[in-house]
Amino acid sequence: GMALERANLFEKYRVKAAYDALTSLYNKGYISELLAGAFEKAASGKEKLSVAVLDIDHFKRFNDNFGHLAGDNILQLLATAMRKLSRPEDYVGRFGGEEFLIILSDTVFDRAMKYAERLRKEIEKLGNLLIKRYPGHALTISVGVATYEPDLKSWKMLVEKADEALYSAKNLGRNRVVGFYSAERKFLP
């Protein structure tokens, strides 16, 4: 009985350790483990892999003007939208403060870009509904997309490419999706 109780307690804490307490999404450590596994599959040719890295535009303004609880609410709303728009085989995680990573399993570049654009539009629509609650502060996101290519030697390099695309989206004016297509070494808005 005691061993079973300890095993159940261990499992409870193991599961709890994989999730972000605020958003109920995977935390950075666990989403990184999942991405490492997906990257290995892609590298062995078993399936395609794309990732999307997204960031809430001007998130600091929500915290500064409406308080940290408002910022927390924004993070939770975004998490709900990402879960709703993602397939069961995709993985969504909180990668940093207001930065999220989505592992798009068995997804080619064009489909990943379409998914990211659909998510961007959904958040923009949600932002329009929240404009009375947060006057003068539109809720939008910028998204960077990257797809596995053989010249990427680690999952971290794949995330770096998606992150580069994210910063391009922000530099181009925010509230947009930019993809990095490594085979051609170019960014595609």
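Looking only at the stretch 149-189, residues that are modelled with pLDDT of 95 or more, touching a helix residue (DSSP H, G or I) at 6+ places or on another chain (Cβ under 8 Å) and within 20 Å of ALA36 (Cβ to Cβ) come to 4 in all. Among the residues of the stretch 120-140, the one identified as closer than 19 Å to VAL51 by Cβ, open to solvent by 10 Å² or more (accessible area, probe 1.4 Å) and of a type outside the set (Asp, Glu) is ARG120. Those strands (runs of 3 or more DSSP E) of the stretch 40-113 in which 2 or more residues are on the phi < 0 side of the Ramachandran plot, of a type in the set (Gly, Ala, Ser) and touching a strand residue (DSSP E or B) at 6+ places or on another chain (Cβ under 8 Å) occupy 49-56. Among the residues of the stretch 120-140, the ones that are in a helix (DSSP H, G or I) and either under 23 Å from TYR19 (Cβ atoms) or in contact (Cβ under 8 Å) with a residue 40 or more places away in the chain (or both) come to 5 in all.
Restricting attention to the stretch 98-114, does a residue exist that is surrounded by fewer than 20 Cβ atoms within 10 Å (Cβ to Cβ) and under 23 Å from LYS60 (Cα atoms)? Within the stretch 98-114 (the criterion being surrounded by fewer than 20 Cβ atoms within 10 Å (Cβ to Cβ) and under 23 Å from LYS60 (Cα atoms)), the answer is yes, since at least one residue qualifies. Taking the condition among the basic types (Lys, Arg), more than 21 Å from ILE141 (Cβ to Cβ) and modelled with pLDDT of 95 or more, does LYS41 pass? Spelling it out, LYS41 is indeed among the basic types (Lys, Arg), more than 21 Å from ILE141 (Cβ to Cβ) and modelled with pLDDT of 95 or more.
Just so you know, in the stretch 75-91 the residues that are in contact with a helix residue (DSSP H, G or I) (Cβ under 8 Å, 6 or more places away or on another chain) and buried (at least 19 other Cβ atoms within 10 Å of the Cβ) include one that is nearest to LYS46 (Cα to Cα), and it is TYR91. Could you grab me the full set of residues in the stretch 55-69 that are open to solvent by less than 10 Å² (accessible area, probe 1.4 Å) and not charged (D, E, K, R)? Listed by number, the residues that qualify are ILE56, PHE62. Right, GLU117: at pLDDT 95 or above, open to solvent by 50 Å² or more (accessible area, probe 1.4 Å) and part of a helix (DSSP H, G or I) or not? Criteria met by GLU117.
The values are calculated or read from the model by the stated rules, or taken from the named source; none is laboratory data. Because the structure is predicted, anything quoted here is derived from the model rather than measured. Please note: Cβ atoms are built from the backbone with ideal geometry, for glycine as well, and neighbour counts cover all protein chains shown. Just the protein is used for accessible areas: all its heavy atoms, side chains included, with ligands, DNA and RNA removed. Shrake-Rupley method; radii C 1.70, N 1.55, O 1.52, S 1.80 Å.
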